[in-house]
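Inspection log for the structure reproduced underneath, given as structure tokens.
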Amino acid sequence: MTRAFSLFLLLSLLLGNTACVINVRDQDGKIRREAQEDSEHWEDSAEEEDHEFRELREAVEQARRELEIARLDMQANELETRLKLQGAELELVRAQADLENFRTVRAPMMRQQTEQSLQSSRDSLLETEEEMQQLEMMYGADELADATAEIVLARTKRRLERARQSLALEEMEAKNNLEFDLPREEQELEQAVQEAEVGLANARLEIESSRLSAIGAVEEAEQALRQAEEELEEAEEEE
């Protein structure tokens, strides 16, 4: 009886120790798992935080690039609009010079040339008429039957008729030039001046509009950069 009891006690101790060992192992495994989970969670958090910082830094760099682009665009726009303004000013100066030249030089010269041409044609007609009268006086009624006289008189009459027709056509052309062509050309030159004035005014408005737009783009880019830098600074302070 005593030996059996001893065996029972020994078996009980062995089973108890085994249970304890198993329990300890279970506890140790649980602790290890929890530690591993905590480590993985910390690594995920650190990785997520690094990713957030990268995004913030990239946002700052992108904002800086966009600001630089906006400033370059403003400089290019300023140069382009300045050239447009100079072109519009030159166009107006040329249009005004053309109008002034027409009024003071070309129109008076064309009128004078027309008058001189008409006067030359009138003189030519008058001379032909005088020549005809002289021939008629030279050849008397008795000599009109002479063949040579008839040829001379007929030829002079034809020249006289052509001179009258030429003068009539030239007078019509002179009237058209003086009363239609010259006034119309002056109106066209005046219109060119007005269009150049409008073009210059529009160029100035476009310059101001472009300038304000470029300034707005730069200010917007500057604001975006400040905001990105502030967000990055806040994130670094929170770390």
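The values are calculated or read from the model by the stated rules, or taken from the named source; none is laboratory data. Quick caveat, the model's predicted, so the values are computed rather than measured. As a convention, Cβ positions derive from the backbone with ideal geometry for all residues, glycine included, and neighbour counts pool all protein chains shown.
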Check your understanding: Could you list, in sequence order, the residues of the stretch 181-218 that are basic (K, R) and closer than 25 Å to M74 by Cα?
Key -> R204, R211
Practice item. Could you grab me the full set of residues in the stretch 208-239 that are touching an Asp or Glu at 6+ places or on another chain (Cβ under 8 Å) and exposed (fewer than 11 other Cβ atoms within 10 Å of the Cβ)? Key: E239
Exercise for review: With respect to R25, determine if the residue is of a type outside the set (A, V, I, L, M), at pLDDT below 85, surrounded by 12 or more Cβ atoms within 10 Å (Cβ to Cβ) and over 30 Å from V198 (Cβ atoms).
Suggested key: no
**Study point:** Scan of the stretch 96-141 for residues that are closer than 27 Å to L153 by Cβ and in contact (Cβ under 8 Å) with a residue 12 or more places away in the chain, ordered by number
**Key:** S121, R122, S124, L125, T128, E129, E131, M132, L135, E136, Y139
Exercise for review: Would you check if Q119 is at pLDDT 90 or above and not hydroxyl-bearing (S, T, Y)?
Suggested key: yes
Point to revise | Where A203 falls short, out of the listed (1) within 19 Å of E58 (Cβ to Cβ); (2) modelled with pLDDT of 80 or more | key: (1)
Check your understanding: Does A163 satisfy the condition of being modelled with pLDDT under 85 and either over 30 Å from A95 (Cβ atoms) or part of a helix (DSSP H, G or I) (or both)?
Key -> no
